[in-house]
Amino acid sequence: MSIHRRRTLFCYLMVAPALFLVLTLGVYPMLDSLRLAVLQYDLMRIPTEGTPFVGLRNFETIFQDARFLQTLRNTLVFVVIAVGSVIFLGLLIAQVLNLEFPGRGTLRSAVLIPWVIPPVVASAIWMWVYQPDRSPINQVLRELGLITMNIRFLTDATNTWGWVNIPMLAVSSVRVWNGLPFVTVMILAGLQSISSDIYEAAEIDGAGTLDKFRYVTIPMLRPVLAILITLLTIGGIGHFEMNYIMTGGGPNNLTNVLAVMAYQQAFTLFRFDLASAISSVILVITAIIAGLYIRDRIREQ
């Protein structure tokens, strides 16, 4: 066997365990979920009716369900709030951390703290922070005279502004807090790759701070921002933990997202067919987003 073939075989052997895990834990469940989506897979009816093929009937059922349509809307609102906020804050914080000042290393390390806290633990912490009677946020707002009644961060179903409401903002803020370190580190790495000569040339041309940010920083960070927005959007559409732990989709379905609704259909109502149909919607949306990103990358090459 030639050296080239041995090296090729060695590479395949090194990749094989990871590929096996991806196929077993990722691709196979995804394909099986698509299979269940076209069957009648109701655990309560399987003993008497089996699992007959029903085609697209499960998709018709969910798209005729007002609760599903509200959940789909909630998911999009959640993604817009979380992704927009975390990118905006990440840009600001990364700009500060990119400056030279005493204690910069310590501050950079402190920014990473939310990243190492598991989402389940973060949800439990913020559930305590958002408790109406014990919330330090409410206490501060009362001391400042800004509120007279405690804000019910996770249970207020009355104060809504269009598609946005207080519980959705509260849950989205935890998602932003937990994901901010990752975004900040990625943007900071992108900032450090920009040559200082470019900024000096912009200053010679009379560019101010905002002009340099708009015409130099943002264009140079475009590849980093593109991959961040893509990853965060895909993750947001399939997000589950915080919405399920903090509100369970409530109150009145105001914070329910597609992944939580799929879980509810499967393990509460035992409708694995409808759960698979909802999961298939998540798959289609995320595939479209990934496809658009790949097409954009190919065009730039």
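So here's what we get for this one:
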item	result
Enumeration of residues in region 95-114 that are crowded, with 16+ Cβ neighbours inside 10 Å and under 30 Å from LEU154 (Cα atoms)	VAL111, PRO114
Pairs where the first residue, in region 222-245, is assigned to a helix (DSSP H, G or I) and the second is among the basic types (Lys, Arg), C-beta under 6 Å, 6+ apart	MET242/ARG175
Hits in region 8-30 - residues which are hydroxyl-bearing (Ser, Thr, Tyr) and over 27 Å from SER279 (Cα atoms)	THR8, TYR12
Helices (runs of 4 or more DSSP H) (entirely within region 1-66) containing at least 2 residues that are farther than 21 Å from VAL284 by Cβ	3-22, 46-49
Selected residue [of a type in the set (Phe, Trp, Tyr), modelled with pLDDT of 95 or more and surrounded by 14 or more Cβ atoms within 10 Å (Cβ to Cβ)] from TYR293, TYR263	TYR263
Which listed residue is in contact with an Asp or Glu (Cβ under 7 Å, 6 or more places away or on another chain), under 30 Å from ARG73 (Cα atoms) and in contact (Cβ under 8 Å) with a residue 40 or more places away in the chain, from PRO181, PRO119	PRO119
Every pair of residues 6+ apart whose Cβ atoms lie under 6 Å, when the first sits in region 84-111 and is at negative phi while the second is surrounded by fewer than 16 Cβ atoms within 10 Å (Cβ to Cβ) and aliphatic (A, V, I, L, M)	none
Listing of helices (runs of 4 or more DSSP H) fully contained in region 78-129 that carry 2 or more residues being farther than 30 Å from LEU254 by Cα	104-111
Which numbered condition THR255 fails, given (1) surrounded by fewer than 24 Cβ atoms within 10 Å (Cβ to Cβ); (2) in contact (Cβ under 8 Å) with a residue 60 or more places away in the chain; (3) not in a helix (DSSP H, G or I)	(1)
Answer residue from region 35-62, given it is touching a helix residue (DSSP H, G or I) at 6+ places or on another chain (Cβ under 7 Å) and within 30 Å of GLY162 (Cβ to Cβ) and is surrounded by the fewest Cβ atoms within 10 Å (Cβ to Cβ) among those	THR61
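The values are calculated or read from the model by the stated rules, or taken from the named source; none is laboratory data. Keep in mind it's a predicted model, so treat the numbers as computed, not measured. Neighbour counts are summed over all protein chains in view; Cβ atoms, including those assigned to glycine, are modelled from backbone coordinates with ideal geometry.
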